[in-house]
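Every read-out reported here was derived from the displayed coordinates using simple, explicitly stated rules and does not represent laboratory data. Only a predicted model underlies this, so the values are computations on that prediction, with no experimental measurement involved. Using ideal geometry, Cβ is built from the backbone for each residue, glycine included, and neighbour counts are taken over all protein chains shown.
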Amino acid sequence: MRVMVMTKGDAADEGKAQPTQEMFEKMQAFNEQLVKAGIILGGEGLQPSSAGAKLTFSTSGTSVVDGPFTESKEVIAGYWIWEVSSLAEAVEWAKRCPFDPSYGDSQVLEIRPLYAMDDFAATVDPETLTRSEQLRHPSSG
């Protein structure tokens with residue numbers, strides 16, 4: 001099963017804190033453990049929402065709002081994509097993630113399973129699912 005593990009941040013402090021050398025090294029060691037275990041498929045830290053944009057779609061059109069997104073209490077600060085055997089395994093790995101007290105007392109990781117094309121088999125025809133899978137992995141087919 002593939003999961004996305006999101007590191008959450010506080011919009012009020014977004015972009016103000018930088019990791020210390022010590023914390024950077026701890027996170028690098030954690031990422032190395034994930035690589036050695038064959039779990040990590042990808043991941044990155046995200047720049048503050050002030051560097052981004054948010055699009056809202058409605059029947060009256062699409063609106064674009066430039067960051068920062070201060071109306072959000074929490075923002076996604078970074079993410080990993082992991083391949084694990086179960087949600088329980090993802091939780092066990094996430095518990096090992098370094099915690100940096102300088103970012104505040106309540107840091108959050110959120111784990112969400114990713115859909116597989118098979119999850120849509122009851123509502124989407126096989127040809128469409130095959131084409132969608134080929135788009136996701138263009139070099140394999």
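Please state the charge dipole magnitude for the stretch 2-115, taken about the Cα centre, from unit charges on C-beta atoms (+1 on K and R, -1 on D and E), reported in debye and rounded to the nearest 20.
Roughly 280 debye for the stretch 2-115.
What is the local net charge at residue 90, summed over the other residues whose Cβ is closer than 15 Å to its Cβ (Lys, Arg +1; Asp, Glu -1)?
0
Modelling each spin label as a point 7 Å along the Cα-to-Cβ direction, I'd like the residue 31/residue 137 distance in nm, to one decimal.
The modelled label-to-label distance comes out at 2.5 nm.
Using 0.36 nm per residue of separation minus the Cα-Cα distance, give me the extension gain between residue 21 and residue 59 in nm, one decimal.
8.9 nm
Which loop-located GluC sites (Glu not before Pro) does the stretch 1-98 contain, where loop means any DSSP state but H, G, I, E or B and the Cβ has at most 16 other Cβ atoms within 10 Å?
Within the stretch 1-98, the qualifying GluC sites (Glu not before Pro) (loop, at most 16 other Cβ atoms within 10 Å) are 71.
Looking at the chain, identify the longest residue range that excludes and avoids all chymotrypsin sites (Phe, Trp or Tyr not before Pro) in DSSP loops having at most 13 other Cβ atoms within 10 Å.
With chymotrypsin sites (Phe, Trp or Tyr not before Pro) excluded where exposed in loops, the chain gives 1-98 as its longest stretch.
Counting only Cα atoms, I'd like the Rg/Rh figure for the stretch 2-115, Kirkwood definition for Rh.
1.01
Note the full-extension length gain between residue 66 and residue 129 as 0.36 nm times their separation in residues minus their Cα-Cα distance, in nm to one decimal.
So the chain would gain 19.3 nm between residue 66 and residue 129.
Count neighbours as other Cβ atoms within 10 Å of each site's Cβ, and list the trypsin sites (Lys or Arg not before Pro) in the stretch 1-69 that are DSSP loop with at most 12 such neighbours.
16
Add -39500 (n - 2.57) for each DSSP H run of 4 or more in the chain, then divide by its residues: what number comes out at 222 nm, to the nearest 500 deg cm²/dmol?
Mean residue ellipticity at 222 nm (helix-derived): -8000 deg cm²/dmol.
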